[in-house]
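Below: the structure, in structure tokens.
Nothing in this text is a laboratory measurement; each read-out follows from the coordinates by a stated rule. Everything quoted here is computed from the prediction, not taken from an experiment. Don't worry about glycine lacking a Cβ; one is built from the backbone with ideal geometry, like all the others, and counts go over all protein chains shown.
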Amino acid sequence: MLNIVIFGAPGSGKGTQSERLAARYGLLHISTGEVLREHIARRTKLGIIADSYISKGQLIPDDLMIKVLASVLDNEPTAAQSGVIFDGFPRTIPQAKALKLMMEEHNSKVHVVIGLEVDENCLMQRMLLRGQQEGRADDNEETIKQRLAVYHQQTSPLREYYIAEGKYCGIDANGSIDDIFARISRAIDALPNL
Ligand code: AP5
Ligand code: MG
């Protein structure tokens, strides 16, 4: 059983690599961004609140986001036992602490944090391209700049947090999608006791 957190800046490839890792290792892929975008599309109460933050490139407040993740996990009662890849959560230290407790409640834990490390100048280009191709609402220059600033202020400290926990595994996430996937897979296959 393997529970992974995939971690990295906006546009670093979390979603792209998570889909492949989920298929290769038989994991449930939980993307909090996708969960919120589904709520926005259905115009639920949560969706309306989430939209007001996402459209400004801000994070949804921790207390609300932690409840959202808890309810996703509660709806998938066997997931934490059979393997999950968390994409986009945690994004703050309080979220990381909450995830630890939630996994303990499910008699489980996060085994490894895969940190996708990408040259900053790539990120903007990737997201602007996706904005043109797929029309994701937060993929415009102004919102992307804000998302990157929020990442540096609020999310990047998690790298040190997980290094201190002995769980951080940094991956060079520049280059082709296939090469990056191969690097991540090699790192996972080399983990002890799996
Ligand atoms: P979320 O949906 O998680 O967005 P994000 O972190 O900004 O990251 P992206 O999804 O844009 O990028 P990614 O790393 O998944 O990369 P991808 O594979 O798509 O969150 C959106 C918003 O929701 C947040 O801003 C926040 O408001 C809210 N939110 C979500 N979770 C939250 C939480 N826990 N707490 C509070 N708020 C939360 O790749 C990007 C593009 O590049 C794609 O087009 C892809 O095809 C392309 N690409 C990928 N890899 C490569 C490669 N190697 N070479 C070339 N192109 C590539
Ligand atoms: Mg994503």
May I ask you to list the residues in the range 1-41 that are near ligand 2 (Cβ under 10 Å from one of its atoms), within 16 Å of residue 184 (Cβ to Cβ), out of contact with any His (no Cβ under 6 Å at 6 or more places or on another chain) and hydroxyl-bearing (Ser, Thr, Tyr)?
12, 16
Counting only residues that are touching a residue at least 60 places away in the same chain (Cβ under 8 Å) and either among the charged types (D, E, K, R) or surrounded by fewer than 20 Cβ atoms within 10 Å (Cβ to Cβ) (or both), the range 1-21 contains a total of 6
Take the residues of the range 21-45 that are assigned to a helix (DSSP H, G or I), near ligand 1 (Cβ under 10 Å from one of its atoms) and not β-branched (Val, Ile, Thr): which is farthest from residue 107 (Cα to Cα)?
37
Out of all the residues in the range 149-194, which are of a type in the set (A, V, I, L, M), surrounded by 15 or more Cβ atoms within 10 Å (Cβ to Cβ) and not in a strand (DSSP E or B)?
150, 158, 173, 180, 184, 188
Residue count for the range 1-20, restricted to those that are more than 10 Å from ligand 1 (Cβ to nearest atom) and in contact with a strand residue (DSSP E or B) (Cβ under 7 Å, 6 or more places away or on another chain):
3
Selection from the range 34-87 of residues that are over 22 Å from residue 150 (Cβ atoms) and charged (D, E, K, R):
42, 43, 45, 74, 76
Among the listed residues 62, 87, 51, identify the single one that is more than 8 Å from ligand 1 (Cβ to nearest atom) and not hydrophobic (A, V, I, L, M, F, W, C).
51
The helices (runs of 4 or more DSSP H) lying wholly within the range 59-148 that contain at least 3 residues that are closer than 15 Å to residue 35 by Cβ, within 15 Å of ligand 2 (Cβ to nearest atom) and among the β-branched types (Val, Ile, Thr) are none
